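Peer 1: One structure, as structure tokens, below. Some questions next.
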């Protein structure tokens with residue numbers, strides 16, 4: 001096999017690849033031998049049809065398959081021979097296979113940029129030092145406290161308040177008819193004020209007593225996370241089953257033991273401090289590496305392959321599309337275009 005490389009730029013090459021005629025003939029012979037064993041042609045027993053007959057029925061398919069194999073095998077071999085590090089997908093325009101003569105084609109590829117020896121001398125770097133504060137430890141303790149919280153039925157007769165946990169039965173109606181997105185639901189648990197259905201829904205739950213039923217009107221906004229409910233006005237028929245309130249454990253040695261691996265509160269605080277410090281150390285190292293990277297980029301010139309730039313841009317666009325879709329919007333609605 002012959003391979004020549006034409007330099008279009010430091011990051012774009014054109015490979016001219018030529019597969020010898022003898023290899024083409026051998027691949028065709030192998031393909032027809034395999035086909036002969038399994039081809040079913042009227043008038044011939046299995047494995048007895050001559051090649052001329054096989055060519056009459058299957059030549060186009062055989063040539064297509066052999067060309068694909070030659071293309072794949074030769075392209076991989078060419079990359080190995082030239083030791084080029086390809087980036088992105090190659091641009092190929094392979095010809096039809098001719099059983100007489102070599103199989104020749106060109107492949108345009110992007111390759112990794114060549115970067116010379118990096119000069120680290122004279123880089124001005126600043127390493128940030130972080131200290132773990134008592135407030136941060138307290139915040140983590142409160143998160144752990146929240147994880148161990150219990151929801152207990154209230155012991156007094158009172159209506160629903162904000163931050164209560166309630167169990168309700170509900171069904172939503174649109175223009176007097178059951179609405180598929182708000183079908184009949186029993187024993188639905190929610191925190192009042194969290195807006196799991198909507199803030200407007202929560203506001204009208206407040207004041208209800210266990211056993212009470214109430215109709216609640218909700219106008220869902222255009223940007224509601226469930227697009228099938230967005231901009232709909234729904235009437236909910238709601239029955240309150242139970243009110244529970246959250247009971248937080250005291251943050252003490254007994255609390256520490258409930259976490260399963262600590263003897264006292266001091267051990268928990270130490271573990272939290274060590275974990276936060278480890279995170280800060282990694283953050284400082286990452287920031288330092290970013291400084292080094294940016295400083296080297298600023299003092300080093302090299303060409304970027306178009307495919308690499310397009311790949312990164314496509315990733316940015318796709319991430320933006322996912323972000324807008326989360327809020328039931330499109331990039332176009334936000335005044336952005338994929339073409340810019």
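Peer 1: Using Cα springs under 10 Å in a Gaussian network model of the chain, which residue among 87, 25, 111 shows the largest mean-square fluctuation?
Peer 2: Largest GNM mean-square fluctuation: 25.
Peer 1: Mind giving me the FRET efficiency for residue 53 and residue 73? R0 is 25 Å, r the Cβ-Cβ distance, nearest 0.05 is fine.
Peer 2: 0.35
Peer 1: Helix-only estimate, please: 222 nm mean residue ellipticity of the chain, summing -39500 (n - 2.57) across DSSP H runs of length 4 or more and dividing by its residues, to the nearest 500.
Peer 2: -13500 deg cm²/dmol
Peer 1: As an exercise, use a Förster radius of 45 Å and the Cβ-Cβ distance of residue 143 and residue 33 to find the FRET efficiency, rounded to the nearest 0.05.
Peer 2: 0.05
Peer 1: I would also like to ask the following. Looking only at 184, 112, 48, which one moves most when the chain is put into a Gaussian network model with springs between Cα atoms under 10 Å?
Peer 2: So, out of 184, 112, 48, the one fluctuating most is 48.
Peer 1: With a ≥ b ≥ c taken as the square roots of the eigenvalues of the C-alpha gyration tensor of segment 60-196, please select rounded if a/c is under 1.5 and otherwise prolate if a/b is larger than b/c or oblate if it is not?
Peer 2: Oblate, because a/c is 1.5 or more while a/b does not exceed b/c.
Peer 1: Also: Under the definition of Cα pairs under 8 Å and six or more residues apart, what whole-number percent is the relative contact order of segment 1-142?
Peer 2: Averaging sequence separation for qualifying contacts and normalising by length gives 31 percent for segment 1-142.
Peer 1: So the label point goes 7 Å from the Cα of residue 259 along Cα→C-beta, right? Which residues of segment 134-153 then have their backbone N under 18 Å from it?
Peer 2: Counting only backbone N, you get 134-150.
Peer 1: Ranking 84, 125 by Cβ neighbours within 10 Å, fewest first, what do you get?
Peer 2: The fewest-first ordering by Cβ neighbours comes to 125, 84.
Peer 1: Quick one: grab Rg to one decimal and Dmax as a whole number for segment 264-340, Cα atoms only, in Å.
Peer 2: Here Rg and the maximum Cα pair distance are 20.8, 60 Å.
Peer 1: Gaussian network model of the chain, Cα springs within a sub-10 Å range: biggest mean-square fluctuation belongs to which of 233, 117, 306?
Peer 2: Comparing 233, 117, 306 in the GNM, the peak value goes to 117.
Peer 1: Hey, another quick one. Could you tell me the relative contact order of the chain? Use alpha-carbon pairs under 8 Å, at least six residues apart, and round to a whole percent.
Peer 2: This gives 17 percent for the chain.
Peer 1: In Å and on Cα atoms, what radius of gyration and Dmax does the chain show?
Peer 2: 34.8, 95
Peer 1: A further question on this structure: Assuming a ≥ b ≥ c are the square roots of the Cα gyration tensor eigenvalues, decide whether segment 184-340 counts as rounded (a/c under 1.5), prolate (otherwise, with a/b larger than b/c) or oblate.
Peer 2: oblate
Peer 1: Fewest first, what order do 103, 262, 57 take by the number of other Cβ atoms within 10 Å?
Peer 2: So the ranking, lowest neighbour count to highest, is 57, 262, 103.
Peer 1: Right, here's the next one. Specify whether the C-alpha gyration tensor of segment 103-260 places it in the rounded, prolate or oblate class, a ≥ b ≥ c being the square roots of the eigenvalues: rounded for a/c under 1.5, otherwise prolate if a/b is larger than b/c and oblate if not.
Peer 2: Taking the square roots of the gyration eigenvalues as a ≥ b ≥ c, segment 103-260 is oblate.
Peer 1: With labels modelled as points extended 7 Å from the Cα through the Cβ direction, what inter-label distance (nm, one decimal) is found for residue 310 paired with residue 209?
Peer 2: If labels sit at residue 310 and residue 209, their model points lie 7.1 nm apart.
Peer 1: Express in whole angstrom the spacing between the alpha-carbon centres of segment 248-293 and segment 18-69.
Peer 2: Centre-to-centre distance over Cα atoms comes out at 68 Å.
Peer 1: Order of 293, 201 from fewest to most other C-beta atoms within 10 Å?
Peer 2: Fewest-to-most Cβ neighbours within 10 Å comes out as 293, 201.
Peer 1: Taking Cα atoms, how many degrees apart are the long axis of helix 21-38 and the longest axis of the chain, rounded to 10 and kept between 0 and 90?
Peer 2: Roughly 70 degrees, rounded to the nearest 10.
Here, each number is a calculation from the coordinates, and none is a lab measurement. Only a predicted model underlies this, so the values are computations on that prediction, with no experimental measurement involved. So basically every Cβ, Gly included, is an ideal-geometry build from the backbone, and we count neighbours across all protein chains shown.
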